[in-house]
Amino acid sequence: VLQKMGMSFGKMMFERGILHADPMPGNILFDPKDTSIVILDYGQVKHLEPGLLKLFAHLVVALHARNSKRIHECMARIGIETERAEEFAKKQNKLALAKTTPTSSASSSS
């Protein structure tokens with residue numbers, strides 16, 4: 001179901017250039033018999049220009065890669081401002097390094 005919803009919203013955005021800005025559970029109907037999905041409430045819909053669509057595509061790739069620096073860059077180019085975004089990116093990079101760098105106690109326990 002989740003994969004089908006992702007494909008539906010992805011096709012709507014990247015093939016038709018339409019962004020549905022309110023994809024909450026109350027705006028989605030699902031029929032378990034034939035797994036069809038109906039998207040409701042087009043009150044918050046925006047048609048995206050090709051350049052902006054390309055930026056959103058880059059953002060999706062950056063999100064998938066968990067590249068916080070690239071996420072910040074894409075968001076800034078789209079026009080989304082975040083508080084302390086650079087601090088967040090640094091924190092994420094430190095966390096990523098912490099997961100792959102052995103601690104001193106682990107390396108000295110030989």
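The values are calculated or read from the model by the stated rules, or taken from the named source; none is laboratory data. Here the structure is a predicted model, which means the values were calculated and not measured. Methodologically, a virtual Cβ is constructed for each residue, glycine included, from the backbone with ideal geometry; neighbour enumeration extends over all protein chains shown. Remember, those area values only see protein heavy atoms, side chains included, never the ligands or the DNA or RNA. Shrake-Rupley method; radii C 1.70, N 1.55, O 1.52, S 1.80 Å.
For the full complex of protein chains and a 1.4 angstrom probe, list R77, R70 by accessible area with the highest value first. Mind showing how you got there, number by number?
Details: R77 160, R70 75 Å².
Result, largest first: R77, R70.
With r as the distance between the Cβ atoms of K46 and K69 and R0 = 30 Å, compute the FRET efficiency 1/(1 + (r/R0)^6) and round to 0.05.
That gives a FRET efficiency of 0.65.
Between A21 and F56, what is 0.36 nm times their sequence separation minus the Cα-Cα distance? Round to one decimal in nm. Let's see the in-between values first.
Details: separation 35, 0.36 × 35 = 12.60 nm, distance 1.34 nm.
11.3 nm is the gain from fully extending A21 to F56.
For I28, what residues show an amide H to amide H distance below 5 Å, using hydrogens built from the backbone and excluding near sequence neighbours?
Distant-sequence amide H within range of I28: L40.
Ignoring ligands, DNA and RNA, how do H58, H47 rank by accessible area with a 1.4 Å probe, largest first?
Values: H58 70, H47 130 Å².
In descending accessible area the options line up as H47, H58.
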